[in-house]
Amino acid sequence: MKQGKFIISLDFELFWGVRDKRSLTSYGNNIAKVHTIVPEMLSIFKEYNVHATFATVGFLFAKNKEELVQYSPQEKPQYKDSNLSPYLDNFTSVKEEHENDLHHYAVNLINLIKNYPEHEIGSHTFSHFYCKEEGQTATDFEADIKAALRIAKDNSVVIESLVFPRNQFRKDYVDICSVYGIRAYRGNEKVWFQNPESEHDTSFLKRVFRTFDCYVDISGPHTYKISDLAGQKPYNIPSSRFLRPYKEKGGALLEQLKIRRIKNGMSYAAKNNEVYHLWWHPHNFGANTKENFVSLIEILKHYRVLHEKYGFESMTMLELANEMDSI
């Protein structure tokens, strides 16, 4: 395993991951566009021979509201901030059949992804579970993971990797994942302002540093030696960079800084035989779609150059876990 590795993971959640459920009116168009964005991403990934992990909220496998209820666990989180709970309204905002609701169902997209064997369908928990928010328990989390695995299995998908929503992970919850066959998860960048915390505990200063770091290098490339990642199981394959969506304010200048930051990190990983892990949400491309795809293609063109020059290799999280098993 001498070559560096390029990991892409996508937090595939549709409207289940939007914290303020009242914003369906204002953000609904961005979510609905995911049904055209994902097929375009799959086509572009194919063109550049890139593998990706689609970390999928379990709800998205359901074909109708009856299945949402059927697969939902009895033990549900009782978040102090009730707005975080998708169970609060007993799915009254969800339509009966997936064909009529582009915001809450994605079984057609999941079936499309399954046609591309180079990609992996992982888990983003069953209900977009927040592991650091007040009001949930380990028992709730275990029930959630079991539900996610069950609905995936009933759709011919075996889940072996996981991305924690909002990147809120806990060691005891990682141990639960291991019991149920999860072999890899995405951790956070190793810097103080990326520590996994609840929304309440994430200070304004940390948010400022997170945003600033996407455009200017203040914390390094966040690449990782494969031998270090292989130290314990489940494998923590940390994030290197969040691909922030295009911002109209600042436009081309900010985009240039952001892409340069990402490409520099990729180059460092390729030259030093390390891992670079890029992630985003498909719905991040819902606004300024053209500009976001232009940026993605620029990144993948750079990957192609690094692949040809240094053997930089695109992998899913599970493929990297499989390779680390041999170390």
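The values are calculated or read from the model by the stated rules, or taken from the named source; none is laboratory data. Since the structure is predicted, the reported quantities are computational estimates derived from the model, not experimental observations. Cβ: placed from backbone, ideal geometry, glycine included. Neighbour counts: every protein chain shown. SASA here: full protein model, heavy atoms, side chains in, ligands and nucleic acids out. Shrake-Rupley method; radii C 1.70, N 1.55, O 1.52, S 1.80 Å.
Numerical summary
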| quantity | calculated |
| --- | --- |
| Candidate set from segment 56-81 (those that are open to solvent by 80 Å² or more (accessible area, probe 1.4 Å) and part of a helix (DSSP H, G or I)); member that is nearest to Ile151 (Cα to Cα) | Gln70 |
| Hits in segment 82-129 - residues which are assigned to a helix (DSSP H, G or I) and either of a type in the set (S, T, N, Q) or open to solvent by 20 Å² or more (accessible area, probe 1.4 Å) (or both) | Ser82, Asn83, His98, Glu99, Asn100, Asn108, Asn111, Leu112, Lys114 |
| Residues satisfying the stated conditions in segment 237-270, i.e. open to solvent by 40 Å² or more (accessible area, probe 1.4 Å), in a helix (DSSP H, G or I) and either within 24 Å of Ala55 (Cα to Cα) or in contact with a strand residue (DSSP E or B) (Cβ under 6 Å, 6 or more places away or on another chain) (or both) | Lys263 |
| Residue within segment 8-20 that is part of a loop (DSSP other than H, G, I, E, B), at pLDDT 95 or above and either within 20 Å of Leu109 (Cα to Cα) or touching a Leu at 6+ places or on another chain (Cβ under 8 Å) (or both) present | yes |
| Verdict on Asp144 being of a type outside the set (Gly, Ala, Ser), under 25 Å from Ile31 (Cβ atoms) and open to solvent by 10 Å² or more (accessible area, probe 1.4 Å) | no |
| Residue under evaluation Ser43, criteria (1) in a helix (DSSP H, G or I); (2) farther than 30 Å from Ala269 by Cα; (3) without any contact (Cβ under 8 Å) to a residue 40 or more places away in the chain, criterion not met | (2) |
| Considering residues of segment 130-172 that are outside any loop (DSSP other than H, G, I, E, B) and among the acidic types (Asp, Glu) only, the residue nearest to Lys76 (Cα to Cα) | Asp140 |
| Pick from segment 221-236, criterion outside any loop (DSSP other than H, G, I, E, B) and touching a residue at least 24 places away in the same chain (Cβ under 8 Å), ranking: nearest to His283 (Cα to Cα) | Asn236 |
